[in-house]
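Trainee: There's a structure below that I have some questions on.
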Amino acid sequence: MIIRNFTYARLFFVGLGLLASVLISCERGKKDTRRWYKGNLHTHSYWSDGDEFPEMIMDWYKSHGYNFLALSDHNILAEGEKWVKVPNSRMYEEGFQQYVQRFGEEWVTHRMDSGRILVRLKTLEEYRPLFEDESFLVIPSEELTDGYDGRPVHVNATNIKHHIPPQGGGSVLEVLQRNVDAVLRQREETGVPMFPHINHPNFFYGVSLRDMIELRGERFFEVYNGHPLVNNYGDSLRPGTETMWDLINIAYSNRNQPLMYGLATDDSHNYHQFGTAYANAGRGWVMVRADSLTPASIIRAMEAGDFYATTGVLLDDVSFDEGMLHIRVKEEPGVKYEIRIIGVAASQPEPRELEVVEGTEAHFKVTDEYLFVRAKVVSDRVKENPFKEGDVEVAWTQPVSTITGRQ
Ligand SMILES: [Zn+2]
Ligand SMILES: [Zn+2]
């Protein structure tokens, strides 16, 4: 009897232990639901001036490990009936044949007209079900393509619900602000999470540092864009986008405006010719740590700064806990990394390299003496088909601050 009681008691405690471990792992499970999602938020197709069909582009990104993609055509959403003429060249006609082969005669709507191939483009609602699943999401988008006095002003609207025409205005800043406001207004009116982001400020040097500094309500801009004409690195007279980023955030910090976050995007247009003269897919993207693959989760994570921009370097972790910034690189064999901690001291408001760590892990104590701190991870691996010859793969984490308590 005693032995049996002992057995029951043991069973009871084993059971209790099992229950506890199940509860603990559930609790852990809850905490671990976030994962990294790879996505590109700036892409063009035949719906505007890109040279490929949306399905072929979706197919490329999905098969290259992306989890989300926004086709952001100029001043148009992929809705309604639109026919395109396949450009009169062997390369594009072959491209059309590949499209038919990949998706089938049944799927492709086309006809001949005076010896040219006319194709009806599939709408987002039509092509979306072909690609979306638990590991891939299509996000509606538009590149609001505007300008002032010959200067291009382009603003992307991610997860837009209704088409927005370019808003115009009496200066570059006003055009910029009015387009940003139009997206924020639609968000307000529809209740659908969406955000504007400023595209390639140095594209024909259309948007100046001063314009970016004066802007209100914007949270994102492209610190990196893969298009050949965007001058990511500036020139002898004008700052590159990374320098701009810090100068923008000095101004934003000083007037208590939320910090600007940096994106990397492809701005891909060319899908048949490759090289630095072309805007090709695969140059820059964001890695977002979200709890699920929905537009709302992706946007929530990005607005919380829980993402990084990259041209190839991947991170296992970037976190900011109790004033400590932690970076852990996902190490690839044979690749060396340098983690540069960049920040701005309140007493000396200019960006400085605060620490450089050779290796895959860095920790930095962020105190109130800094307006903000961020990290750039530079690898020694040469970027394949780069924006600029000789580029190496890098990643940029988002600025953090203890003053504002952000991120
Ligand atoms: Zn643009
Ligand atoms: Zn674009």
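Trainee: Could you figure out which of (1) surrounded by fewer than 23 Cβ atoms within 10 Å (Cβ to Cβ); (2) in contact (Cβ under 8 Å) with a residue 40 or more places away in the chain; (3) away from ligand 2 (no atom under 16 Å from the Cβ) isn't true of S63?
Mentor: For S63, the failing item is (2).
Trainee: Any idea which residue in segment 387-407 is surrounded by the fewest Cβ atoms within 10 Å (Cβ to Cβ), counting only those that are assigned to a loop (DSSP other than H, G, I, E, B) and within 19 Å of the chain's Cα centre (by Cα)?
Mentor: Restricting to residues being assigned to a loop (DSSP other than H, G, I, E, B) and within 19 Å of the chain's Cα centre (by Cα), the top hit is Q407.
Trainee: Another question, if that's okay. Failed condition for R120, given (1) farther than 27 Å from L229 by Cβ; (2) touching a His at 6+ places or on another chain (Cβ under 8 Å); (3) without any contact (Cβ under 8 Å) to a residue 40 or more places away in the chain; (4) buried (at least 16 other Cβ atoms within 10 Å of the Cβ), with all others met?
Mentor: Condition (4) is where R120 drops out.
Trainee: Within segment 213-265, take every residue that is closer than 12 Å to P201 by Cα and of a type in the set (D, E) and give me the one that is surrounded by the fewest Cβ atoms within 10 Å (Cβ to Cβ).
Mentor: So, considering only residues that are closer than 12 Å to P201 by Cα and of a type in the set (D, E), the one surrounded by the fewest Cβ atoms within 10 Å (Cβ to Cβ) is E242.
Okay, residues lined up against (1) within 21 Å of N179 (Cβ to Cβ); (2) among the β-branched types (V, I, T); (3) out of contact with any Gly (no Cβ under 7 Å at 6 or more places or on another chain):
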{"site": "I198", "(1), (2), (3)": "yes, yes, yes"}
{"site": "H227", "(1), (2), (3)": "yes, no, yes"}
{"site": "I248", "(1), (2), (3)": "yes, yes, yes"}
{"site": "Y252", "(1), (2), (3)": "yes, no, yes"}
{"site": "M287", "(1), (2), (3)": "no, no, yes"}
{"site": "G305", "(1), (2), (3)": "no, no, yes"}
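Trainee: Given the conditions (1) of a type in the set (A, V, I, L, M, F, W, C); (2) more than 25 Å from V288 (Cα to Cα); (3) in a loop (DSSP other than H, G, I, E, B), report the number of the one that I160 does not fulfil.
Mentor: Of everything listed in (1) of a type in the set (A, V, I, L, M, F, W, C); (2) more than 25 Å from V288 (Cα to Cα); (3) in a loop (DSSP other than H, G, I, E, B), I160 misses just condition (2).
Trainee: Quick check on this structure: which one of F221, F204 is assigned by TED's automatic domain parsing to the domain that holds V155, on the phi > 0 side of the Ramachandran plot and within 16 Å of ligand 2 (Cβ to nearest atom)?
Mentor: Within the list F221, F204, the selection yields F204.
Trainee: Name the residues in segment 180-202 that are in contact with a Lys or Arg (Cβ under 9 Å, 6 or more places away or on another chain) and not acidic (D, E), would you?
Mentor: Answer for segment 180-202, where residues must be in contact with a Lys or Arg (Cβ under 9 Å, 6 or more places away or on another chain) and not acidic (D, E): V180, Q186, R187, T190, V192, P193, M194, F195, P196, H197, N202.
Trainee: Let me ask something else. For segment 335-347, state whether one or more residues are among the aromatic types (F, W, Y), within 16 Å of the chain's Cα centre (by Cα) and away from ligand 1 (no atom under 16 Å from the Cβ).
Mentor: No, segment 335-347 contains no residue that is among the aromatic types (F, W, Y), within 16 Å of the chain's Cα centre (by Cα) and away from ligand 1 (no atom under 16 Å from the Cβ).
Trainee: Name the single residue, out of those in segment 268-289 being over 13 Å from the mean Cα position of the chain (by Cα) and away from ligand 2 (no atom under 16 Å from the Cβ), that is farthest from N385 (Cα to Cα).
Mentor: Here the answer is H272.
Trainee: With surrounded by fewer than 15 Cβ atoms within 10 Å (Cβ to Cβ) and under 18 Å from W36 (Cβ atoms) as the only criterion, which of E384, E361 stands out?
Mentor: Result of the check over E384, E361: E361.
Trainee: What are the pairs with Cβ atoms under 7 angstrom where one residue, in segment 154-174, is more than 20 Å from H44 (Cβ to Cβ) and assigned by TED's automatic domain parsing to the domain that holds F203 and the other, located anywhere, is part of a loop (DSSP other than H, G, I, E, B) and within 15 Å of ligand 1 (Cβ to nearest atom)? Sequence gap at least six, or different chains.
Mentor: V172/G206; V172/V207
Trainee: Can you confirm whether segment 216-223 contains a residue that is in a loop (DSSP other than H, G, I, E, B), within 30 Å of K383 (Cβ to Cβ) and either at pLDDT 95 or above or more than 13 Å from ligand 1 (Cβ to nearest atom) (or both)?
Mentor: yes
Trainee: Which one is surrounded by the most Cβ atoms within 10 Å (Cβ to Cβ), of the residues in segment 195-206 that are in a loop (DSSP other than H, G, I, E, B) and within 11 Å of ligand 1 (Cβ to nearest atom)?
Mentor: So the residue we want is P201.
Trainee: Under 7 Å between Cβ atoms, which residue pairs at least 6 apart in sequence (or on different chains) link something in segment 375-389 that is in the same structural domain as F320 (by TED's automatic domain parsing) with a partner that is of a type in the set (A, V, I, L, M) and not in a strand (DSSP E or B)?
Mentor: Once the first residue is in the same structural domain as F320 (by TED's automatic domain parsing) and sits in segment 375-389, its partners that are of a type in the set (A, V, I, L, M) and not in a strand (DSSP E or B) give V377/V313; S379/V313; S379/V335; D380/V335; R381/V335.
Trainee: From the list I213, I164, I198, which one is more than 30 Å from G312 (Cα to Cα) and either away from ligand 2 (no atom under 16 Å from the Cβ) or touching a strand residue (DSSP E or B) at 6+ places or on another chain (Cβ under 7 Å) (or both)?
Mentor: I164
Trainee: Output the number of residues of segment 136-157 satisfying the condition of being within 16 Å of ligand 2 (Cβ to nearest atom) and either of a type outside the set (A, V, I, L, M, F, W, C) or part of a helix (DSSP H, G or I) (or both).
Mentor: Here the count works out to 11.
The values are calculated or read from the model by the stated rules, or taken from the named source; none is laboratory data. Bear in mind that the values here come from a model prediction, so they are computed numbers and not experimental data. Positions of Cβ are backbone-derived with ideal geometry, glycine not excepted, and every protein chain shown enters the neighbour counts.
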